[in-house]
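Data first, discussion second: the structure below is written as structure tokens.
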Amino acid sequence: PFLRYTVAMKDPALDLVTVTGSVYGSLDGKVPLAAANPGGGRPLEPIGLAARDLSGRLLEVSTDGASWIVSNGGRDFTFSYDVALSVVDRYTPEIRGMLSMIEEDRSRLMGRDIFLLPGTEFSEGILVDVDTGQKGDLRSTWECTGSRVIVPEIADLASTLAVSGSYRELEADVAGITLSLAIAGEWLFSDEDLFAVIRDVVSREISMFGSSPHGKHLFVCEPNPVRGPGVFDYYGVHFAGSMLLLLDPSMDGSLLFDTPMAVVAHEFFHNWNGEALQPSDGSFMWFTEGATVYFSYRVLVDAGVIVGGQYDRQAENIHRRYLDNPCLDRISIGEAANSDLSDRGMVNLLYDGGFLVVEALDREISLATSGRLSLIDVLRSLYERHPGGLTIDEEVLRLAVVELTGHDIGPLMSARVHSKAPATLSAPRGTS
């Protein structure tokens, strides 16, 4: 079977696009179409979904509540629907599920926001043609030709990020991979200065693991559209080989050598911890996010972006925020990801608590091996031994540490992750 999509602007005022899919060579009598799992965000809601055979005759479309079933009788067919795109407050479910954006001068399209995915196997090389009215070629981690992106597999559609329009692009070869930056907007620093920091971080992280899961990585940088009290000034999101950076437009050049650049290190680190080593479920997100926060700051120190004193101050800030967290006495760190992550306190408990637990685990592994090994050696070992990817949880991590070091981190991990307000994390840092 062969699959092709077109995405076209329908109504700029309503942020409305029309998506058309063409399915050729499917011998199934019925083909289900389903929205990709948006990771806790708002699911794709197709408007006016219809399907036709190649003669233009309407086909029956039914729904079971989770997907839409096209009765195609084994014939080639097309389907079309409209999608309303929006970006709102960082903490609401919408921002976690809807990251596409179309403006007069540029567009950013996220696969899980716009594609219904057929539930069948397809040949490699799914074609996506995009016409949002902007000039300029598409940029993506996948191969692009003009306004077309060629997505390797249907499983990659949901995590495909493509941008077009008034983005400035920089590109370099780093540690055997192609690294690109597509940046829009006006900044108080140069594109080249930001790209230099990104190159240093990427080089350092690839050296930690020995290789990258992808042959090309794309960073997309834009001004953060969400402003006001109670929100992040800057944040990032990782999608397979693509990283979206939404930065504070008032950042000056000095902050390229300060802790805000942890957002670059954080999102790139998710290529390994989160993607190649994928958490089994929400109960292990404390490690996925906590270890990524922890190592992102370590990477900045190792790459010379920040100095040790800046790391120490940031770690103390994390510890202080953890102690002040209003959720601390009613939920454990391990339960945080299974709670309402529209609550800033819950988000901070997951990230800050995870950081502190991982810091303690790293210290324990180093002490148990007289400094010969650390937690990053454990993660690298898992990555190297499972090149096709691995689902990881607390037991997998525990056994990997035992195998590599002979030491069991299970009791320490359990006490700190599954107790509400564990006293060992409430003590001054470095003394517990």
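The values are calculated or read from the model by the stated rules, or taken from the named source; none is laboratory data. Keep in mind the model is a prediction, meaning the values are calculated, not measured. Note that each Cβ is placed from the backbone with ideal geometry, even for glycine, and that neighbours are counted across all protein chains shown. Surface accessibility is based on the protein's heavy atoms, side chains included, excluding ligands, DNA and RNA. Shrake-Rupley method; radii C 1.70, N 1.55, O 1.52, S 1.80 Å.
Remarks
- Relative contact order, percent, the chain [alpha-carbon distance under 8 Å, six or more residues apart]: 11
- Distance between the modelled labels on Glu60 and Tyr311, one decimal in nanometres: 6.4 nm (7 Å Cα→Cβ projection).
- Here the chain has 50 percent of its accessible surface on carbon and sulfur atoms, given a 1.4 Å probe and all protein chains in place.
- Environment charge of Gly133, counting only residues whose C-beta is closer than 15 Å and scoring Lys/Arg +1, Asp/Glu -1: -4
- Residue-normalised convex hull volume from the C-alpha trace of the range 152-217: 108 Å³ per residue.
- Among Ala196, Ala240, Ala303, residue whose mean-square fluctuation peaks in a GNM of the chain (springs only between Cα atoms under 10 Å): Ala196
- Once the 1.4 Å probe is applied to the protein heavy atoms, the chain comes out at 41 Å² accessible per residue.
- Rounded FRET efficiency, nearest 0.05, which uses the C-beta distance separating Thr424 from Glu403 and R0 of 25 Å: 0.50
- Sequence of Glu335, Glu45, Glu104, Glu275 from largest to smallest accessible area, 1.4 Å probe: Glu104, Glu45, Glu335, Glu275
- Model label sites at Asp131 and Ala415, defined 7 Å from Cα along the beta-carbon direction, differ in position by 6.5 nm.
- Fully extended contour minus Cα-Cα distance, from Ala155 to Lys10, at 0.36 nm per residue: 49.5 nm
- Qualifying trypsin sites (Lys or Arg not before Pro) in the range 362-432, DSSP loop, other Cβ atoms within 10 Å at most 16: Arg372, Lys420, Arg429
- Kirkwood hydrodynamic radius computed over the range 256-413 comes to 16.0 Å, based on all pairs of distinct alpha carbons.
- Solvent-accessible surface (1.4 angstrom probe) belonging to His270, in square angstrom, nearest 10: 20
- Virtual paramagnetic centre 7 Å along Cα→Cβ of Lys216, amide N under 13 Å, in the range 165-208: 170-173, 177-182
- Over the chain, dividing the summed -39,500 (n - 2.57) contributions of all DSSP H runs of at least 4 residues by the number of residues returns a 222 nm mean residue ellipticity of -9500 deg cm²/dmol.
- Residue separation of Arg148 and Asp173 scaled by 0.36 nm, minus their Cα-Cα distance, works out to 6.7 nm of gained length.
- Only one item in [x] 22.3; [y] 34.5; [z] 21.3 matches mean projected area of the Cα convex hull in nm² derived from the coordinates shown, and that item is [z].
- Whichever lysines have a C-alpha closer than 26 Å to that of Lys216, once near sequence neighbours (fewer than 8 apart) are set aside: Lys135
- Over the range 374-432, all Cα pairs binned in 5 Å intervals from 0 give whole-percent P(r) values of 4, 16, 23, 20, 17, 13, 6, 3, 0, listed from short to long.
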